[in-house]
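The values are calculated or read from the model by the stated rules, or taken from the named source; none is laboratory data. Every value quoted in this text rests on a predicted model; they were computed, and no experiment measured them. In this analysis, Cβ positions are derived from the backbone assuming ideal geometry, glycine residues included, and neighbour counts consider all displayed protein chains.
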Amino acid sequence: MKTFTRIRNTITANIESFVGQIENHEAIAAATTQKLEQAAVRLRVHRKRAERRALDARARLAKLTETAQTWHDRAARLKDDREKGIECVRRFRAAKRALAAVTGEIDEEQRLIEQLVSDERALSAQVDALKRRRASLSSREARSEAVGDFDADDGVLEIFERWEARIETKEAVIEADKITSDPLAEAFEAEEDRADLERAFDDILRDGVRS
C-alpha cells in the first residue's frame, strides 16, 4: 500500500501545481487519469515480475527438496562407509539450508505480490471512479454552457419571434378569406346580377321598339 500512497501523493502535488496554471479542468482530469493508468500499468508489470520470480523459486524449491531427499537416502544406505555417509549428511544439510532460504524467498515474494495486487486493485478502482466523474462533469459543463449561450443570445429569440409573427399574419389573412368566402351567397349574388342585367337589356329592347 505504500507504493500506491506514494503515487497518489505525487499525483496530488502535480494537480495542485496545475490548477494554479491551467483553466482547462477537463484536460487536467484527463492528464491525471492517464498518470494513474500508467501507474497501474507499472504496478501490473512489477506484479508479473514478482510472480515469475516466485514461480522460479518454487521450481528451485522442488529441485532442492529432491536433492535433499537423495542425499538423505544415500547416507542411510552407507552404513559400512562412514566417511561417505558423513559427506552425504553434509550435503543433505546444505540442501536443507538452501531449502530454508528459498522458502523465505518465496514467502517474501508472495507478500510483495499480495501488496502489489492490493495496490493495483485500489488504483484501478480509483481510475474507474475518476473516469466516471470526469464524464459526468464534462456532460454537466457542456449542458450548462449550452443553456447559458442560449439564454444569453436574445437576438436569436427575437429572430424567431419576428418570423413567427410574420407567419401568424399570413395565417390570419388566409383564415379571414375563408370566413368572408360564402359559395352560396356568391351564387345568389351572381344570379341577382344576371337578372339585373337581363332586366336592363329588356328595357333597352323595349325602348328601341318605341322609337
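Computed values, structure above
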quantity	calculated
Boolean, Gly148 is assigned by TED's automatic domain parsing to the domain that holds Ala29 and at pLDDT below 90	yes
Only one of Val127, Val41, Val102, Val117 that is free of Cβ contacts under 8 Å to residues at least 40 places away in the same chain and in the same structural domain as Ala142 (by TED's automatic domain parsing)	Val41
Residue match in region 28-39 (condition: hydroxyl-bearing (Ser, Thr, Tyr) and at pLDDT below 95)	yes
Failed item, numbered, when Glu164 is tested on (1) loosely packed, with under 14 Cβ neighbours inside 10 Å; (2) in the same structural domain as Lys48 (by TED's automatic domain parsing)	(2)
Residue in region 111-130 that is farthest from Ala57 (Cα to Cα), counting only those that are surrounded by fewer than 15 Cβ atoms within 10 Å (Cβ to Cβ) and not aliphatic (A, V, I, L, M)	Asp128
Test: residue in region 59-80 that is touching a residue at least 40 places away in the same chain (Cβ under 8 Å) and surrounded by fewer than 13 Cβ atoms within 10 Å (Cβ to Cβ)	no
Hey, Asp73 in a helix (DSSP H, G or I), closer than 18 Å to Arg49 by Cα and among the acidic types (Asp, Glu) or not	no
